[in-house]
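What follows is a single structure, written as structure tokens, with notes after it.
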Amino acid sequence: MKLGRANLDEFGATVLALAEKDRDVLVVTSDSRGSGKLTPFGKALPDQIVEVGIAEQNLVGIAAGLTAAGKKVFAVSPACFLTARSLEQIKNDVCYSNWPVKLIGISAGVSYGALGSTHHSLHDFAVLRAIHNVTVVAPADNFETRAALTSALDYPAPVYIRLGKRPMYDLHEPDAHFEFGKAIVLRDGPDVTFVATGETVILALQAADKLAEEGIRCRVISMHTVKPLDEAALLAAARDSKALVTVEEHSVMGGLGGACAEVLLQAGVHVPFRIIGIPDEYTMTGSQEEIFRHYGITPEGLAQTAVGLLAVAAVD
Amino acid sequence: MIKRANTGHTAGSLSSVDILNVLYNRIMGVTPANFDAVARDHYIQSKGHSVEALYTVLADAGFYSAAELDTFSSGGSHWVGHPTRKVPGVEHNTGALGHGLSVAVGLALGMKKDGLPHRVFTLLGDGELAEGSNWEASMTAAHYKLDNLTVIVDRNDLQITGLTEEVMALEPLVDKFRAFGYAVREVNGNDIPELVEALEGVPFVPGKPSLLLAHTVKGRGVSFIENVASWHHHVPSDEEFRLALSELDQAEAALNGAHR
């Protein structure tokens, strides 16, 4: 597997390419063009970047207004602020009013690491899942990032895309098919399924590699769209597997794991099941990598979880 | 509408209906025929709770039949207690306060980028000025020199709990708006000729967003509703309703007499 660049860098390059082709494409930033990798965009297309200063509520309201004026707007701000400080603007001015703003949550999850919990977004899936009329996407690699942004450009409804800072391995063939709400099966196997999203997909794949050495064969699904969830792919995986593990850089409450549990239980599909994410506690301090390690969001930790679940499955 | 539905915001709608009347019938060129175009004047009502005034003016402007107003706040009706785009003629969903100005700023900025000559008008309540987002948006309006934006403040001095100055003092309001970069004018917001004269003069200063501080009377036109905070969303009793209509009929007759 080839190491690509950070999804944020891919975002900066992709949105610049889209904007060069269409002068109605605008990015709106809240003193966040540097962290959003938009400094080259600002230099190349100064008329297509709107700075609002450190004012995230205003950022989202202005993005809605610019969309009403016929613009294709990427509203870019750290995910932690965008989906908390501006949540009411997202709910009312974007989703309820149905202006198809592209909400870009940068440095999402625990990307900001040791900056602390003010800068973490472990709630964004949960709060946005409970708001009608927004598609929620966490790309796993540069391909998914590029595809999600391109798909969002003319999408007729609001989209939230969360992006991280760390270089990501390329997981896909360049001609892979990407569509909102359609999971991508990266690997198939009959024993355990990992349903992962965003930057944890690579960790699930690496866990599958480790398990393969022990003769345990895994299905790995990139559930890039957390909402609407690909229920068919999830149910098929749960029926075909002896155990199912969800993985996300998000609270274990209300995110991908919760969404999967809702679907599985209501469909009457019972499989040994575990939600791996950040537990409901004062988050440990450290880099993204240290936080992941602390909470078992590592290839080793995920493999261990899978083995434990298979033991449960064997008893059943 | 409010009486039939047994719910609504009586007093704030009465304070702002003159402003809406002037905007839709004298100032803006918004019609059902051009509504889908970006290239026209726009109106965002930030004080969404005065929706009865907006619904009435939009019906009058031909966006829908006045009979639709009979469905106000009833199950399944789009004519709910705060404006939504499901209602023809409504541009943006509001109701949570402190939202309309940012959206109006975005609209004005987008239109300026395209070199359009049209204007954006937005109506804010005075009570909602305590929402900090208004001041974020005001900074942006001045920064981008949005002289195609006119902010009208329905200054009726009252909010649901009581006088604005007792709940959370706003004054000196003109100084605050000037400091934030607006060109400010004050009018009697229940005086039609004054409103027409002021709104025909926007932008007040080229290169600056305009702010019209419209001094109004909450509950305007009905003696026992005027300036009484508890009428914010009080529904009139049968007797109050009869009295209110009779006062408004008398006022209408007096106006017609004056014009003869």
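The share of alpha-carbon pairs in the range B:2-258 lying farther apart than 24 Å comes to 45%.
Can you tell me the orientation of helix A:299-315 relative to chain A, as the angle in degrees between its alpha-carbon axis and the longest Cα principal axis, to the nearest 10? The helix A:299-315 is inclined about 40 degrees to chain A.
Taking every DSSP beta bridge that has both ends in chain A, the antiparallel portion is near 20%.
Annotation: the antiparallel percentage among DSSP beta bridges lying fully within chain B is about 10. Per residue of chain A, the DSSP helices (runs of n ≥ 4 H) give a summed -39500 (n - 2.57) that works out to -10500 deg cm²/dmol at 222 nm. Between B:A179 and B:N34, what length in nm is gained on full extension when 0.36 nm per residue of separation is reduced by their alpha carbon distance? So the extension gain works out to 48.6 nm. Between A:R23 and B:L248, the C-beta separation translates, for a Förster distance of 51 Å, into a calculated FRET efficiency of about 0.50.
Here the extension length gained between A:E262 and A:E281 equals 4.6 nm, from 0.36 nm per residue of separation less the Cα-Cα distance. Counting charges near B:L195 (Lys, Arg +1; Asp, Glu -1) among other residues having Cβ under 11 Å from its Cβ returns a value of -3.
Taking other C-beta atoms within 10 angstrom as a stand-in for reagent exposure, A:V159, B:V87 fall in the order B:V87, A:V159, fewest first. For the range A:3-169, the relative contact order works out to 29 percent when only alpha carbon pairs closer than 8 Å and six or more residues apart are counted. Near A:G105, the amide H atoms lying under 5 Å from its own belong to A:I161, A:R162, A:L163; only residues 5 or more places off or on other chains count, and H is placed 1.01 Å from N.
Taking a threshold of 30 Å on the Cα-Cα distance, which of the pairs B:K86/B:K113; A:K71/B:K208; A:K72/A:K165; A:K165/B:K47; A:K91/A:K182; A:K2/A:K91 fall above it? Distance filter (> 30 Å) returns A:K165/B:K47; A:K2/A:K91.
Among A:L265, A:L26, A:L203, a tally of other beta-carbon atoms within 10 Å of each Cβ gives an order, fewest to most, of A:L265, A:L203, A:L26.
Against chain A, whose longest principal axis comes from its Cα atoms, helix A:7-21 is set at around 40 degrees. In plain terms, the C-alpha convex hull of chain A casts an average shadow of 15.1 nm² when viewed from every direction.
Taking 7 Å steps out from each Cα toward its Cβ at B:K3 and A:R239 produces label points 6.2 nm apart.
A Förster distance of 60 Å, applied to the separation of the beta-carbon atoms of B:E197 and A:Y155, puts the FRET efficiency at 0.85. The alpha-carbon of B:K112 sits under 14 angstrom from the alpha-carbons of these aspartates and glutamates, leaving out residues fewer than 8 places away in its chain: A:D24, A:D47, B:D41, B:D147. Placing unit charges on the Cβ atoms of the charged side chains and taking the dipole of the range B:114-232 about its Cα centre, the candidate lying farthest along the positive direction among B:G125, B:W135, B:L146 is B:L146. Candidates A:L186, A:N142, A:H172 compared by Cα position along the dipole of the range A:113-203: farthest toward the positive end lies A:N142, with charges placed on Cβ. Karplus-based coupling profile of the range B:182-188, in residue order and whole Hz: 8, 8, 10, 10, 10, 9, 7, with θ = phi - 60° in 6.51 cos²θ - 1.76 cosθ + 1.60 and x standing for Gly or Pro. For the range A:3-169, the spread of Cα positions along the three principal axes, ordered from largest to smallest, is 38, 35, 27 Å. Amide H contacts of A:V25 (H built 1.01 Å from N, in plane; Pro and chain starts excluded): A:K72 sit under 5 Å, all sequence-distant by 5 or more or on other chains.
Grouping the Cα pair distances of the protein assembly as shown into 20 Å bins from zero gives a pair-distance distribution of 20, 44, 27, 8, 0 percent in increasing distance order. Taking amide H atoms as placed 1.01 Å from N in the peptide plane, the amide H of A:Y169 lies under 5 Å from those of A:G4, each 5 or more residues away in sequence or on another chain.
Applying 0.36 nm per residue to the separation of A:A84 and A:E289 and subtracting their alpha-carbon distance, the gain on full extension is 71.4 nm. Rg then Dmax, both in Å and based on the Cα atoms of the range A:195-292: 13.6, 40. Counting only other chain Cβ atoms within 10 Å of each residue's Cβ, the peptide A:47-58 averages 5.
Quick one: angle between helix A:231-240 and the longest Cα principal axis of chain A, in degrees between 0 and 90, rounded to 10, please. Orientation of helix A:231-240: about 20 degrees from the principal axis.
Think of chain B as a dipole: +1 on every Lys or Arg Cβ, -1 on every Asp or Glu Cβ, centred on the Cα centre; then among B:M1, B:N21, B:H232, B:N21 lies furthest on the positive end. Dipole size of the protein assembly as shown about its Cα centre, with +1 on Lys/Arg Cβ and -1 on Asp/Glu Cβ: approximately 1040 debye, rounded to the nearest 20. In this Cβ point-charge picture (+1 for Lys and Arg, -1 for Asp and Glu), chain A has a dipole of about 400 debye about its Cα centre. By the beta-carbon count within 10 Å of each Cβ, the least crowded to most crowded order of B:E200, B:E247, fewest first, is B:E200, B:E247. Could you please state, rounded to a whole Å, how far the C-alpha centre of the range A:23-61 is from the C-alpha centre of the range B:7-83? Rounded to whole Å, the Cα centres lie 34 Å apart.
Taking a ≥ b ≥ c as the square roots of the eigenvalues of the alpha-carbon gyration tensor, the range A:102-186 is classed oblate because a/c is 1.5 or more while a/b is no larger than b/c.
Every number here is computed from the coordinates shown, using simple stated rules; none is lab data. Here the structure is a predicted model, which means the values were calculated and not measured. All Cβ positions, glycine included, derive from the backbone under ideal geometry; neighbour counts span all protein chains shown.
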